[in-house]
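Report on the following structure.
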Amino acid sequence: MKLKANGIEIHYTVEGSGPWVVMSHSLACNLSMWDQQAAMLARRYKVLRYDLRGHGATDAPAGDYTFEMLAYDAHGLLQALGIESCHWVGLSIGGMIGQTFALKFPGVFKTLVLADTTSRNPPEARPMWEARIKTAREKGMEALVEATLGRWFTEPFRKSRPDMMARMGAMIRATPVTGYAGSCAAIPTINLTDKLKAITCPTLVIVGEQETAAPVEVARAIHAAIPGSELVIIPSAAHISNLERPAAFNRALLSFLDKHR
């Protein structure tokens, strides 16, 4: 399904019944990244997944994106669907959008789940993101596939699951260059750590133990900054921990949501 919000056509899917859970995916992915979690949650929640601006079947306008823009995309989608409050589950950039949204629109989130994400990127990270943008524009997304999968999953998992590597590689390749570049321009600008104390909804921080993109110490910083938040470290998982260790991820997610249902 598609609807217009914040000036773009947003592709989304809704399944299940119960309290709303909104799921926001990683950079260079799409809403199908959450298939396993959505199938589980839909048994007792109403699950909204959407493709971020510049990803999947959502519009991918050219130019730099900002986290304010991405938060307004989500807010427009929620308003259009008549969702006044929800649980938010965001991984990577989806977690950055969640933090931005929670601070901009307090009271909407019943709970906040922040997986494998960061609240601050140091200035020295910017050249790395600019290099990725340059690669995407000059060589296409194919040139980013191998290195991205190397950051997303541990080596044993990559070797044992060629099917998953093929699926996720296809997702990276299918990401529009304009969408990838626009999102990569936003990521190094995030700087919310000192503001996170204003987030009052129950919050769960999840991180893969082998995460290198947003390591455990980054998750610990978010956990320390959000009053009363919980932290779950998932063993033998890297960045896309919901796919590498779905049982552990799902257990942490469902027990947290059910506790605050």
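The values are calculated or read from the model by the stated rules, or taken from the named source; none is laboratory data. Everything numeric here is computed off the predicted structure, so don't read it as measured data. In this analysis, Cβ positions are derived from the backbone assuming ideal geometry, glycine residues included, and neighbour counts consider all displayed protein chains. Accessible surface areas use protein heavy atoms only, side chains included; no ligands, DNA or RNA. Shrake-Rupley method; radii C 1.70, N 1.55, O 1.52, S 1.80 Å.
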* To do: Find how much the distance from residue 230 to residue 195 grows on full extension, using 0.36 nm per residue of separation minus their present alpha carbon separation; answer in nm with one decimal.
  => 10.8 nm
* residue 200's amide H: which non-local residues (gap 5+, or another chain) put their own amide H closer than 5 Å, with H modeled 1.01 Å from N in plane and none for Pro or chain starts? -> none
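Among DSSP beta bridges lying fully in segment 1-157, give the percent that are antiparallel, nearest 5.
Numbers: 9 of 24 bridges.
Percentage antiparallel, nearest 5: 40.
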* Structure fact -> the chain: relative contact order from alpha carbon pairs under 8 Å, six or more residues apart, as a whole percent, is 21 percent
* Simple Cβ-charge dipole of segment 49-136, Lys/Arg +1 and Asp/Glu -1, about Cα centre, in debye nearest 20 -> 140 debye
* In debye, nearest 20, what is the charge dipole magnitude of the chain about its Cα centre with +1 on Lys and Arg Cβ and -1 on Asp and Glu Cβ, if you could check? => 360 debye
* To do: Please say if segment 114-225 is rounded, prolate or oblate, where rounded means a/c under 1.5 for a ≥ b ≥ c the square roots of the C-alpha gyration tensor eigenvalues, and otherwise the choice is prolate for a/b larger than b/c and oblate otherwise?
  => oblate
* Structure fact -> Expected vector for segment 216-229, Karplus 3J(HN,Hα) from phi with 6.51, -1.76, 1.60 and θ = phi - 60°, integer Hz, x for Gly and Pro, equals 4, 5, 5, 4, 4, 5, 5, 4, 5, 7, 9, x, x, 6
* Would you mind pulling out the separation of the Cα centroids of segment 94-166 and segment 210-261, in Å? => 15 Å
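So with the 1.4 Å probe, I'd like the accessible area per residue for the chain, rounded to whole Å².
Heavy-atom SASA per residue in the chain reads 40 Å².
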* Structure fact -> Placing each pseudo-label 7 Å from Cα in the direction of the beta carbon, residue 64 and residue 255 end up separated by a distance in nanometres of 4.3 nm
* Structure fact -> Between the residues 170, 242, 208, the Cα farthest towards the positive end of the dipole of segment 138-244, that dipole coming from +1 and -1 charges on the beta-carbon of Lys, Arg, Asp and Glu, is from 170
* Structure fact -> For segment 126-261, averaging the sequence separation of alpha carbon pairs under 8 Å that lie six or more residues apart and dividing by its residue count, the contact order in percent is 24 percent
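Hey, if we sort 212, 154 by accessible area with the 1.4 Å probe, largest down, what's the order? Spell out each step's value before the answer.
On the way: 212 95, 154 25 Å².
Ranked list, largest accessible area first: 212, 154.
Could you estimate the translational diffusion coefficient of the chain from the Stokes-Einstein equation, with Rh from the Kirkwood formula over C-alpha pairs, at 4 °C and 1.567 mPa s, in whole µm²/s? Spell out each step's value before the answer.
On the way: Rh = 18.1 Å.
It diffuses with D of about 72 µm²/s by this estimate.
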* Taking the Cβ-Cβ separation of residue 173 and residue 14 as r and a Förster radius of 25 Å, what is the calculated FRET efficiency to the nearest 0.05? -> 0.40
* Residue-by-residue Karplus 3J(HN,Hα) for segment 144-150, coefficients 6.51, -1.76, 1.60, Hz, glycine and proline x -> 9, 4, 4, 5, 5, 4, x
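Any idea what the dipole of segment 115-167 comes to, in debye rounded to 20, about its Cα centre with Lys/Arg Cβ at +1 and Asp/Glu Cβ at -1? Could the numbers behind the result be given before it?
Values: 11 positive and 8 negative charges, 10 e Å.
The dipole of segment 115-167 has a size of about 40 debye.
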* To do: Rounded, prolate or oblate: pick one for segment 17-129, where a ≥ b ≥ c are the square roots of the eigenvalues of its C-alpha gyration tensor, a/c under 1.5 means rounded, and failing that, prolate if a/b is larger than b/c, else oblate.
  => prolate
